[in-house]
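For reference, the structure discussed in these notes is given below.
The values are calculated or read from the model by the stated rules, or taken from the named source; none is laboratory data. The shown structure was predicted, so the numbers you read here are calculated from the model rather than taken from an experiment. Every residue, glycine among them, receives a Cβ derived from its backbone with ideal geometry; neighbour counts consider all protein chains shown.
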Amino acid sequence: MSYDRDVQAFDDRAASYESGWHGQLHKEISDRVVKLALSRVPAPRRVLDVGCGTGYALRQLAARLPQTDEFLGIDAAPKMIEAARSASSDERLDFMRGTAERLPADDGAYDLVVSTTSFDHWTDQGAGIRECARVLAPGGALVLTDLFSNLLWPTMAGNRRGKARTRSRATRLITAAGLREPRWHPCYAVIIQSVTAVR
């Protein structure tokens, strides 16, 4: 699927993204990511969500982090950003259109960067990971969750050619970006996994 069609597909689903079976699954995965993120960085000052969708994960983090100053969510799909803004009443939350490859943030600005089932849609995953590393403060953590399994090898010869859909490929990108201590964590079923790393 082309990048524009991929973004359009998420725009088309924005209004109903948190409802139905798919919405429940997304929430369950996001809740697990939130729990893992807080175990890695219990009191972040600033949090960034790359590929935030409707902002569900950031809303959950904000509810658990009353002392955190800022939560920023970015997403390439404009209707996802609209949905995220309309679902949030917390003034600490902000949402803007953007991509992982060009994060609208200063160097070292965030203590915690999360991304939940967005990584597989990044156009240039290496550039996106380097951007995540750039915006992390020293000692800050990345929590990246997506489809990672050797069972996905056949897809990397087809429509996901060149994507990091295995732990080894993703680990190489993470360490190449200068992030340290990559650790893998089960998230949901067999193929949805999380990796954490430190700046």
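Determine whether Gly139 is surrounded by fewer than 15 Cβ atoms within 10 Å (Cβ to Cβ) and at pLDDT 95 or above.
On the way: surrounded by fewer than 15 Cβ atoms within 10 Å (Cβ to Cβ): yes; at pLDDT 95 or above: yes.
When the stated conditions are applied, Gly139 passes them.
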Any residue in region 21-41 that is at pLDDT 95 or above, in contact with an Asp or Glu (Cβ under 9 Å, 6 or more places away or on another chain), within 16 Å of Ala141 (Cα to Cα) and of a type outside the set (Phe, Trp, Tyr)? yes
Need pairs with beta-carbon distance below 6 Å; first residue more than 10 Å from Arg97 (Cβ to Cβ) and in contact (Cβ under 8 Å) with a residue 40 or more places away in the chain and within region 72-85, second crowded, with 24+ Cβ neighbours inside 10 Å and of a type in the set (Ser, Thr, Tyr); sequence gap 6+ or separate chains. Ala83/Thr54
Of the numbered conditions (1) polar (S, T, N, Q); (2) in contact with a helix residue (DSSP H, G or I) (Cβ under 8 Å, 6 or more places away or on another chain); (3) in a helix (DSSP H, G or I), Ser115 satisfies every one except a single condition; which is it? (3)
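Is it fair to say Arg172 is under 21 Å from Leu72 (Cβ atoms), over 14 Å from the mean Cα position of the chain (by Cα), at pLDDT 95 or above and not in a strand (DSSP E or B)?
For Arg172, the condition - under 21 Å from Leu72 (Cβ atoms), over 14 Å from the mean Cα position of the chain (by Cα), at pLDDT 95 or above and not in a strand (DSSP E or B) - is not met.
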Residues that are out of contact with any Pro (no Cβ under 8 Å at 6 or more places or on another chain), among the aliphatic types (A, V, I, L, M) and within 22 Å of Glu131 (Cβ to Cβ): does region 10-24 have at least one? no
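Select from region 102-130 the residues that are over 23 Å from Pro44 (Cβ atoms) and either free of Cβ contacts under 8 Å to residues at least 40 places away in the same chain or hydroxyl-bearing (Ser, Thr, Tyr) (or both) and list them in ascending order.
If the condition is that a residue be over 23 Å from Pro44 (Cβ atoms) and either free of Cβ contacts under 8 Å to residues at least 40 places away in the same chain or hydroxyl-bearing (Ser, Thr, Tyr) (or both), then Thr123, Asp124, Ala127 are the ones that fit.
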In the list Ala164, Ala127, which residue meets the criterion of being more than 20 Å from Val34 (Cα to Cα), under 17 Å from the mean Cα position of the chain (by Cα) and at pLDDT below 90? Ala164
Checking the conditions here, which among Ala177, Ala109 is more than 14 Å from the chain's Cα centre (by Cα), under 22 Å from Gln60 (Cα atoms) and modelled with pLDDT of 95 or more? Ala109
Pull out all pairs, ordered by first then second residue, where Cβ-Cβ is under 9 Å, the residues are six or more apart or on different chains, the first lies in region 181-199 and is over 13 Å from Thr116 (Cα atoms), and the second is assigned to a strand (DSSP E or B) and acidic (Asp, Glu). Ala197/Glu181; Val198/Glu181
Residues of region 65-89 being surrounded by 13 or more Cβ atoms within 10 Å (Cβ to Cβ) and charged (D, E, K, R), in sequence order, are Glu70, Asp75, Lys79, Glu82, Arg85
Among what's in region 71-85 and is of a type in the set (A, V, I, L, M, F, W, C) and assigned to a helix (DSSP H, G or I), pick the residue that is farthest from Ser19 (Cα to Cα). Ile81
Going through region 13-64 one residue at a time, which ones are in a loop (DSSP other than H, G, I, E, B), surrounded by 18 or more Cβ atoms within 10 Å (Cβ to Cβ) and of a type in the set (A, V, I, L, M)? Val41
